Amino acid sequence: MEHRNSVNIINSSFLVGMPLLALVSVIFYSIEYGISWVEPIIFVVFYLACGLSITAGYHRLFSHRTHKAAWPMRLFYALFGAAAFQNSAIKWCSDHRRHHLKTDEEEDPYSVTKGFMWAHMGWVMVDQGEEIVEHVEDLQADRILAWQDRHIFLIGFLVGIVLPGVAGLMMLGGMHGFLGGMIYGGFLRVVIVHHATFLINSAAHTWGTQPYSTANTSRDSPILSFFTFGEGYHNFHHTFQADYRNGHKWYHWDPSKWWIKAASWVGMTKELHKIPKRSIESQKMKTTFEKKSEGEDVSNELQARLTQCVQQLRKGFSELVKRRDEYKVAKLERRKESKEAWKRRKEGHKARIKECKARIAQARQDFKQLMQSLKLDMQSKAVAA
């Protein structure tokens with residue numbers, strides 16, 4: 001798909017004008033009125049509401065269907081997603097699904113292979129021809145999203161600009177309060193959320209590591225995650241798109257997964273999809289091996305050992321899940337048994353769980369030895385050459 005170089009006047013004016021407006025407004029307001037505790041609070045509240053509506057809503061719920069959400073949650077995302085001024089959910093998700101289908105290819109709407117700034121915001125500022133809306137029939141059938149798509153600019157203006165102003169008016173009073181809320185919760189917040197989102201398309205495809213796949217330019221960056229509501233674990237996301245988490249480990253900074261999980265406790269989200277550990281770790285094993293052996297003629301023996309490690313790991317995790325489930329059922333039935341009988345049965349369950357963990361540990365150890373063998377094999381070939 002050949003893109004034209006004509007400038008999109010509306011988008012370019014907004015993306016250039018809004019930062020200038022925010023800067024001038026903040027300076028003027030600070031000189032004229034100063035800053036109280038209210039303005040930062042309004043900024044943070046709208047920053048969180050709009051940012052999470054993009055990452056947890058537009059991205060993980062609507063684009064990838066990693067979970068299901070009740071209508072109040074979908075409405076929240078529709079309102080504050082519009083306030084982020086990143087287009088309607090239907091059009092945003094159409095671009096994003098095409099990005100995943102055609103990552104780094106010509107059809108990728110924000111491919112980093114066309115340049116960092118193109119992926120960051122250039123693709124929005126340039127007219128690429130007739131707007132393509134495809135692969136979103138499921139979203140077009142959602143009445144909330146269809147309504148948002150029809151009234152996107154009005155909703156964005158009312159929720160993203162007027163509402164923070166009204167919040168400031170109620171908390172501070174007068175035109176001073178309205179301006180403060182509108183400038184900090186509106187103008188400045190729009191700019192910050194914009195570039196947090198844009199960084200995922202540019203920086204997350206440029207800087208970081210590739211522990212799960214080298215099939216495309218996606219990268220994992222814990223630092224970037226801190227600024228993007230957890231979206232920085234982008235290599236994981238491109239490899240396991242159906243997972244509601246981007247940071248899959250408990251200590252990974254991912255406010256979006258915490259928000260989605262917390263919402264499930266009050267019935268606002270459900271059916272949160274998680275990729276099994278066996279799939280994640282086995283994929284990481286294969287990618288590590290492929291990266292280390294890239295460009296080398298790897299022996300059949302080493303390839304066979306890799307396959308064995310992966311199979312042993314996956315089997316260990318599958319058995320572990322099975323044994324833990326059996327133990328949970330046994331604990332529910334323990335009242336039917338005597339204390340001594342339960343003690344013996346419990347010890348049996350724990351022993352089987354321990355065996356599974358030992359099998360997993362052995363697979364990991366075997367993989368370390370495999371990587372050492374690969375290293376020695378490559379060194380011997382280098383010496384021979």
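Every number here is computed from the coordinates shown, using simple stated rules; none is lab data. Since we're looking at a predicted model, the values are computed, not measured. Note that we place each Cβ from the backbone using ideal geometry, even for glycine, and neighbour counts take in every protein chain shown.
Entry note: the chain has Rg to Rh equal to 1.07, where both radii use alpha-carbon atoms and Rh is the Kirkwood radius.
Note on the range 190-304: with charges restricted to the Cβ of Lys and Arg (+1) and Asp and Glu (-1), its dipole about the Cα centre is near 500 debye. The order of 94, 380, 25, 256, going from fewest to most other C-beta atoms within 10 Å of their C-beta, is 380, 25, 94, 256. Taking 15 Å as the straight-line reach from the Cα of residue 350, the aspartates and glutamates in range (excluding those fewer than 8 positions away in the same chain) are 319, 325, 326. Highest mean first, the peptides 27-37, 225-235, 245-255, 43-53 sorted by other C-beta atoms within 10 Å per residue fall in the order 225-235, 43-53, 245-255, 27-37. Of the DSSP H helices in the chain, those that are both long (alpha-carbon extent of 24 Å or more along the helix axis) and hydrophobic (Kyte-Doolittle mean at least 1.6) are 9-32. Among the listed pairs 102/274; 257/346; 102/315; 102/286; 277/336, a Cα-Cα separation exceeding 26 Å is found for 257/346; 102/315; 277/336. Computed from point charges on the beta carbon alone (+1 for Lys and Arg, -1 for Asp and Glu), the dipole magnitude for the chain about its Cα centre is near 3040 Debye. Annotation: lysines with alpha-carbon distance below 17 angstrom to residue 381 (same-chain offsets under eight excluded): 292. Think of the chain as a dipole: +1 on every Lys or Arg Cβ, -1 on every Asp or Glu Cβ, centred on the Cα centre; then among 22, 40, 61, 61 lies furthest on the positive end. Sorted on the mean count of surrounding Cβ atoms within 10 Å across their residues, most packed first, peptides 354-365, 101-112 read 101-112, 354-365.
When each of the peptides 146-157, 174-185 is scored by how many other beta carbons lie within 10 Å of its residues on average, the order from highest to lowest is 174-185, 146-157.
Counting only aspartates and glutamates at least 8 places from residue 328 when in the same chain, there are none with an alpha carbon closer than 12 Å to its own. Using the rule -39500 (n - 2.57) for each DSSP H run of four or more residues, divided by the residues of the chain, the 222 nm mean residue ellipticity is -20000 deg cm²/dmol.
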